[in-house]
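The values are calculated or read from the model by the stated rules, or taken from the named source; none is laboratory data. All of these numbers come straight from a predicted model, not from anything done at the bench. Quick reminder, even Gly has a Cβ in these numbers, built from the backbone with ideal geometry, and neighbours come from all protein chains shown.
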């Protein structure tokens, strides 16, 4: 299915995005982020050439952004292309669950390699997690293992994800290609 999505690189040039990013970093830091978002394997020498800084200045800025936690360079496993199943799980806490028990519950989710996102929510649900496994049946079994009969969890809903069109500003409409 062709969606006619804009170029996956265009988002970073969107004036709203630039304004938000430059509210927290200066223009050179924004340029460093933009270049590393395109290719996280750039050497400091190549990065420096692309953002018009010395290698030392580019390296110092990149390291500072990483140390401050503003910039993280990582690889992305494309579940759809690797033929893994994945789902979002929306969780409501039991009203009697104390904050210590909730914190412990969240720590167990953070330690689980098959849970790739844990986020607090506002509204109907308190927590959202994303889980991956070899099949939807295995996703379901894994979720039940964590959540069924758990004294912190009042209820949960598993939402299987059947297709991803965009994730981390990458277009997945053409066989997972980000070109």
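Things to note:
- Among (1) more than 30 Å from residue 32 (Cα to Cα); (2) at pLDDT 95 or above; (3) surrounded by 10 or more Cβ atoms within 10 Å (Cβ to Cβ), the one test that residue 118 misses: (1)
- Flag if residue 12 is surrounded by 12 or more Cβ atoms within 10 Å (Cβ to Cβ), modelled with pLDDT under 95 and within 30 Å of residue 163 (Cβ to Cβ): yes
- Here residue 108 meets each of (1) assigned to a helix (DSSP H, G or I); (2) farther than 28 Å from residue 135 by Cβ; (3) assigned by TED's automatic domain parsing to the domain that holds residue 128 with one exception, condition (2).
- Qualifying position, being in contact with a strand residue (DSSP E or B) (Cβ under 8 Å, 6 or more places away or on another chain), part of a loop (DSSP other than H, G, I, E, B) and without any contact (Cβ under 8 Å) to a residue 60 or more places away in the chain, among 119, 95: 95
- Matching residues in the stretch 57-90 - criterion: being outside any loop (DSSP other than H, G, I, E, B) and in contact with a helix residue (DSSP H, G or I) (Cβ under 8 Å, 6 or more places away or on another chain): 57, 58, 59, 61, 62, 65, 85, 86, 87, 89
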